[in-house]
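Since the structure comes first, as structure tokens, the remarks are kept for the end.
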Amino acid sequence: MKVLVIGGGGFLGSGITRKLIKEGNEVSILGRKEYPEFKNLVNSIKADVRNRSDMVLAIKGQDVVFHTVSIPGIWGNYNDYYLTDVKGTQNIIYACLINNVKKLIYTSSPSVIFNGCDMNGVDENTPYPDKYLCHYSKTKAIAEKAVLAANGSNNLATVCLRPHLIWGPGDPHLFPRLFNRSKNRKLFCVGKGENLVDMIYIDNAVDAHIKASKHLRVDGPVAGNCYFISDGKPVNLWKWIKRLLQLLELPPVAQSISYRNARLLGAILENVYKVFRIKNEPPMTRFLAAQLAKSHYFNITKACNDFNYKPIISPEEGMKRLINYHSPQGD
């Protein structure tokens, strides 16, 4: 089977690529740079999702497309997020339709339904909020809706997966930010430190994408749906962070700040950064305050029932692998 992984050099994308290769698929990866680790293993395509012509050429002849690309982070120009997340996704959908692709698997995010309040075990029936706290969530939601709406057009089967906080060895986003704040004594516990949060180990996220693709067909239960996926059990966010820092012998959480004050600080900093057109991400935003203080974990029953998803790596095993990777002996 011919498979294209858009964003195949990224953290999740590279994991999907490796598993597809192992299973004997003819794999291509698409990105805006070269990926030496996959040299001679895949067909590497240098292209930009924002360019429709690029997508039409890249997707030609493919049977299955995994779309894992988005702009990381929660701060920036709305147009940048829109061009990549929305226009880029629309270009991919268009290219899939005119090239008669059979399956499109889109990596979405639980943030598409996050309204800044506690979300305790909510499922896929939770509606999209009226307002979003950051551009990332808003544009990911628009893209997700487009992918779901495309299901069934020209026999294309689509599905959206919502992995939450993908973690593990090699993560280029979550842990570098966490470790940097810890080392600079700028890591603050926001809120009471009792919030429960879902996470998903990289191997589990990869396995979920592969299983969803195998069960995906136009007349099947997976097509046209979105799914929460996680490690199966939420963690106490701040206890988890404190344990990780302790195991890695890094500076502990510096101090705490109430959610109310963190949200107020975030609102002030957002306005300051906008007025003075500061491109760097503020140390606090309203979205970040809510993510760090509120509970957000999700019911994965639908994924378990519809495509037999089950975490293959336990949180304990994942932690062991992570510690080994970041310890001096693991380097």
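The values are calculated or read from the model by the stated rules, or taken from the named source; none is laboratory data. No experiment lies behind these values; they were computed from the predicted model shown. So basically every Cβ, Gly included, is an ideal-geometry build from the backbone, and we count neighbours across all protein chains shown.
Scanning the range 14-24 for residues that are buried (at least 18 other Cβ atoms within 10 Å of the Cβ) and touching a strand residue (DSSP E or B) at 6+ places or on another chain (Cβ under 6 Å) returns ILE16, THR17, LEU20. Being modelled with pLDDT under 95 and either in contact with a Gly (Cβ under 7 Å, 6 or more places away or on another chain) or among the charged types (D, E, K, R) (or both) is the requirement here; does ARG277 meet it? Criteria met by ARG277. Of all residues in the range 80-99, those that are outside any helix (DSSP H, G or I) have Cβ atoms under 6 Å from Cβ atoms of residues that are surrounded by 21 or more Cβ atoms within 10 Å (Cβ to Cβ) and not polar (S, T, N, Q), 6 or more apart or on another chain, in ASN99/ILE59. Has the range 309-319 got any residue that is small (Gly, Ala, Ser) and either under 22 Å from PHE188 (Cα atoms) or without any contact (Cβ under 8 Å) to a residue 24 or more places away in the chain (or both)? No; the residues of the range 309-319 include none that is small (Gly, Ala, Ser) and either under 22 Å from PHE188 (Cα atoms) or without any contact (Cβ under 8 Å) to a residue 24 or more places away in the chain (or both). Please go through (1) of a type in the set (Gly, Ala, Ser); (2) closer than 25 Å to SER230 by Cβ; (3) touching a residue at least 60 places away in the same chain (Cβ under 8 Å) for GLY76 and return the number of the only condition it doesn't satisfy. Of (1) of a type in the set (Gly, Ala, Ser); (2) closer than 25 Å to SER230 by Cβ; (3) touching a residue at least 60 places away in the same chain (Cβ under 8 Å), only one is false for GLY76: (2). All conditions in (1) within 20 Å of the chain's Cα centre (by Cα); (2) at pLDDT 95 or above; (3) among the basic types (Lys, Arg) hold for LYS22, with the sole exception of (1).
Restricting to the range 189-225, name every residue that is touching a Ser or Thr at 6+ places or on another chain (Cβ under 6 Å) and either in a helix (DSSP H, G or I) or farther than 21 Å from PHE11 by Cβ (or both).
Within the range 189-225, CYS189, ASN195, LEU196 meet the criteria.
If we scan the range 261-270, do we find a residue that is surrounded by 14 or more Cβ atoms within 10 Å (Cβ to Cβ), closer than 16 Å to SER182 by Cβ, within 25 Å of the chain's Cα centre (by Cα) and not aliphatic (A, V, I, L, M)? No, the range 261-270 has no match at all.
For the range 68-80, the criterion of being more than 23 Å from the chain's Cα centre (by Cα) and surrounded by fewer than 20 Cβ atoms within 10 Å (Cβ to Cβ) is satisfied by no residue at all.
In the range 113-120 there is no residue matching the filter, namely being in contact (Cβ under 8 Å) with a residue 40 or more places away in the chain and β-branched (Val, Ile, Thr).
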